[in-house]
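**Q** Okay, handing you the structure first.
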Amino acid sequence: MLQREWLGAYRAFLTAAHAAEGEDRELVRGLAHAAAAGYKRELGDERGRARQLVHARRRLAPFLPQHDGLDLEDLLAGL
């Protein structure tokens, strides 16, 4: 994925998180952190990537390994 796509995904997830409620909000926030980790990886910022992955794993933990057909464990492993 290109840097701008990761950044676009991050922004879209943040917008969606503001509209979401309850556990859906945590799921979308976790996906936003995952997108931020991908963006940081593309920038070569390993420390930032690792920090964002910690946040993503914490928020996505209740939904692992899969949620609504989305393989979250695979997503996180790929980042």
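**Q** Taking the stated definitions as given, is Leu79 on the phi < 0 side of the Ramachandran plot and not in a helix (DSSP H, G or I)?
**A** Here the answer is yes, as Leu79 does meet what is asked.
**Q** Here's a check for you: in segment 1-40, which residue that is charged (D, E, K, R) and under 22 Å from Leu64 (Cα atoms) is surrounded by the fewest Cβ atoms within 10 Å (Cβ to Cβ)?
**A** Glu21
**Q** OK, next. Quick check on segment 50-72. Is at least one of its residues touching a strand residue (DSSP E or B) at 6+ places or on another chain (Cβ under 7 Å), free of Cβ contacts under 8 Å to residues at least 60 places away in the same chain and not in a loop (DSSP other than H, G, I, E, B)?
**A** yes
Laboratory data are not the source of any read-out in this text; all were calculated from the coordinates shown. Note that the structure is predicted; figures quoted are calculated from it, not measured. Positions of Cβ are generated from backbone atoms using ideal geometry, with glycine treated the same way; all protein chains shown enter the neighbour counts.
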